[in-house]
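Below is one structure, written out as structure tokens, with a few remarks after it.
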Amino acid sequence: MAVLQLGRQIAKLPRTHEDVGLSLLGKVGAHGTGARLPPIDEQVISMKLVAPSKGTIELSREKDPDLFYLARCGLGGLGVVAEVTLQCVERHQLIEHTFVSSADEVKKNHKKWLSENKHIKYLWIPYTDTVVVVQCNPPSRWRTPKFTSKYGKDEAIQHVRDLYRESLKKYRTKAESNDPEVDQLSFTELRDRLLALDPLDKDHVIRINKAEAEYWKKSEGYRMGWSDEILGFDCGGQQWVSETCFPAGTLAKPNLKDLDYMEELLQLIEKEDIPAPAPIEQRWTARSRSPMSPASSSQEDDIFSWVGIIMYLPTSDARQRKEITEEFFNYRSMTQTNLWDGYSAYEHWAKIEVPKDKDELAELQVRLRKRFPVDEYNKARMELDPNKVLSNAKLEKLFPVTEAVQHAK
């Protein structure tokens, strides 16, 4: 167990799995990956909340449980979180197995992989049939995995360096293509530099995606390390991300809607010629009991899939960044229109970019009410913060207080 006093020194903190950062992540409903593992807010077992109208109040499963569960993903809208108590496990080692599969192979093995692996994620590569599967388990679950990869690190990345040098000759100068610094760049740094040359040219992006697929194929293998090291992931430089969460059945009976979603998403990308870079990351969690979490459910066995689409911002050029941003929101809009309602997919409400258009905002408010207990949350806000000291423009626009809630106050 770890007690974290926010804004002050930590009172008690043993060496723990994933360490204290999880306590802060818990407030936003962050998550790892593994169909048996809930989002981080489920690790919060008690907290001290400083509310404008009531001062410091202690919340837990035993002390005002309804407010406790509401506040766990309340993002400070109900009060300032002064102290959090987390349930933790000891730091431990994991063996990571990374290998390349295909959509058909994933379909054949998906139920088994979800059930058998403590942690699992898929990295889908648009415009290819490549799905990178990453499985992580305690060493005791494995016999004698071979830790050596077929290719060395330089061999695995050399074709990406070659593509970058060739692309520099096309987009820049031959002299730049001879820059020795290229050999010192990591894969994600090379991907950023490649994308920066022409980030919205679909054919250029496809070449990069195919190079990434080959890179992962040459990087297959096992590695062993501490959990915080293994579960970390270099996702590259600055980027726009839209991550949705939607129900995927139960662990015993996955409904395979998660794979249907990905199939439709990849088809949409190709149909609309979206310059979608890789990877599209797909993860899973168990349910959360926090009603403001996009993975909230009253059914203990429910599982949820999380899918993140991205576009990188690999340049400092203002015009180019604006064009990428516009293209990304077009990409996001198409996924919303074609997929979200059919799969009951929702972004975390605190990550939503508030629409400027009044009609779009009104539609968003209606949609959020279908998933989140907006009136319950607003009622708690009115009781704990009647003068809206802790409120902000995003809260007021996403969750406008109805007359019924105001009168109930």
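The values are calculated or read from the model by the stated rules, or taken from the named source; none is laboratory data. Quick caveat: nothing in here was measured; it's all calculated off a predicted structure. Counting neighbours? That spans all protein chains shown, and the Cβs are built from the backbone with ideal geometry, glycine included. Keep in mind that these areas ignore ligands, DNA and RNA; they rest on the heavy atoms of the full protein, side chains included. Shrake-Rupley method; radii C 1.70, N 1.55, O 1.52, S 1.80 Å.
Place +1 on the Cβ of every Lys and Arg and -1 on the Cβ of every Asp and Glu in the chain, take the dipole about the Cα centre, and give the residue among 75, 211, 314 whose Cα lies farthest towards its positive end.
Of the candidates, 75 comes out farthest on the positive side.
Considering all alpha-carbon pairs of the range 364-407, what whole percent are spaced by more than 16 angstrom?
That fraction is 30 percent.
Note down the accessible area of residue 31, probe 1.4 Å, to the nearest 10 Å².
Number for this one is 20 Å².
Compute the angle between helix 374-384 and the longest alpha-carbon principal axis of the chain, please, reported from 0 to 90 degrees and rounded to the nearest 10.
Between helix and principal axis, roughly 60 degrees.
Between the range 318-334 and the range 225-254, what is the C-alpha centre distance in whole Å?
Going from one Cα centre to the other spans 23 Å.
Rounded to a whole number, what is D in µm²/s for the range 245-334 from Stokes-Einstein with the Kirkwood radius over alpha-carbon pairs (4 °C, 1.567 mPa s)?
After rounding, the answer is 87 µm²/s.
Measure nothing fancy, just the Cα-based angle from helix 202-218's long axis to the longest principal axis of the chain, in degrees from 0 to 90, nearest 10.
For 202-218 against the chain, the angle is about 90 degrees.
Given bins 20 angstrom wide, list per bin the percent of all Cα-Cα distances in the chain, short to long.
Per 20 Å bin, starting at zero, the Cα-Cα P(r) for the chain comes out as 24, 54, 21, 1 percent.
How much length, in nm to one decimal, is gained on full extension between residue 322 and residue 161, taken as 0.36 nm per residue of separation minus their Cα-Cα distance?
Between residue 322 and residue 161, full extension yields an extra 55.2 nm.
Probe of 1.4 angstrom, ligands and nucleic acids ignored: what's the accessible area per residue over the range 364-407, in square angstrom?
Result: 53 Å² per residue.
What accessible surface, in Å², does a 1.4 Å probe find on residue 399, ignoring ligands, DNA and RNA and rounding to the nearest 10?
Looks like 0 Å² after rounding.
So, with +1 on the Cβ of K and R and -1 on the Cβ of D and E, and no other charges, what is the size of the charge dipole of the range 221-379 about its Cα centre, to the nearest 20 debye?
440
Between residue 201 and residue 361, what is the label-to-label distance in nm when each label sits 7 Å out along the Cα-to-Cβ direction?
Each label point lies 7 Å from its Cα, and together they span 4.0 nm.
For the range 188-201, in order, what is each residue's ³J(HN,Hα) by Karplus, 6.51 cos²θ - 1.76 cosθ + 1.60 with θ = phi - 60°, in whole Hz (x at glycine and Pro)?
So the Karplus estimates, Gly and Pro as x, are 5, 5, 5, 4, 4, 5, 5, 5, 4, 5, 6, x, 10, 7 Hz.
Taking R0 as 41 Å, what's the FRET efficiency between residue 64 and residue 344 from their Cβ-Cβ distance, rounded to 0.05?
0.90
Return the distance in nm (one decimal) between the two label points of a simple spin-label model at residue 392 and residue 228, each offset 7 Å from Cα along Cα→Cβ.
Taking the two extended label points, one gets 2.7 nm.
Return an integer: the convex hull volume of the alpha-carbon atoms of the range 115-267, in Å³ per residue.
144
How large, in percent, is the carbon and sulfur part of the accessible surface of the range 364-407 at a probe radius of 1.4 Å?
Looking at the range 364-407 in its full context, I get 52 percent from C and S.
If you place +1 on the Cβ of every Lys and Arg, -1 on the Cβ of every Asp and Glu, and leave all else neutral, what size is the dipole of the chain about its Cα centre, to the nearest 20 Debye?
My answer is approximately 860 debye.
For an R0 of 30 angstrom, estimate the FRET efficiency from the Cβ-Cβ distance between residue 90 and residue 351 and round to the nearest 0.05.
My answer for the efficiency is 0.40.
Report the FRET efficiency, 1/(1 + (r/R0)^6), for residue 376 and residue 255, where r is their Cβ-Cβ distance and R0 is 22 Å, rounded to 0.05.
Taking R0 as 22 Å, the efficiency between residue 376 and residue 255 is 0.20.
Which pairs in the list 356/397; 271/358; 118/218; 63/397; 210/257 are over 19 Å apart, alpha-carbon to alpha-carbon?
Exceeds cut-off: 271/358; 118/218; 63/397; 210/257.
Helix 318-335: angle to the longest alpha-carbon principal axis of the chain, degrees 0 to 90, nearest 10?
In the chain, helix 318-335 runs at an angle near 70 degrees to the longest axis.
Mind jotting down the distance between the C-alpha centroids of the range 351-409 and the range 256-302, whole Å?
So the separation of the two Cα centres works out to 25 Å.
Residues of the range 62-214: accessible area per residue at 1.4 Å, in Å²?
Normalised by residue count, the accessible surface of the range 62-214 is 49 Å².
Can you pull the one-decimal nm distance between simple spin-label points at residue 153 and residue 264, each 7 Å off the Cα toward Cβ?
Going by the 7 Å Cα→Cβ label model, 4.2 nm.
Working out 0.36 nm times the residue gap between residue 183 and residue 333, then minus their Cα-Cα distance, what length gain in nm do you get to one decimal?
50.2 nm
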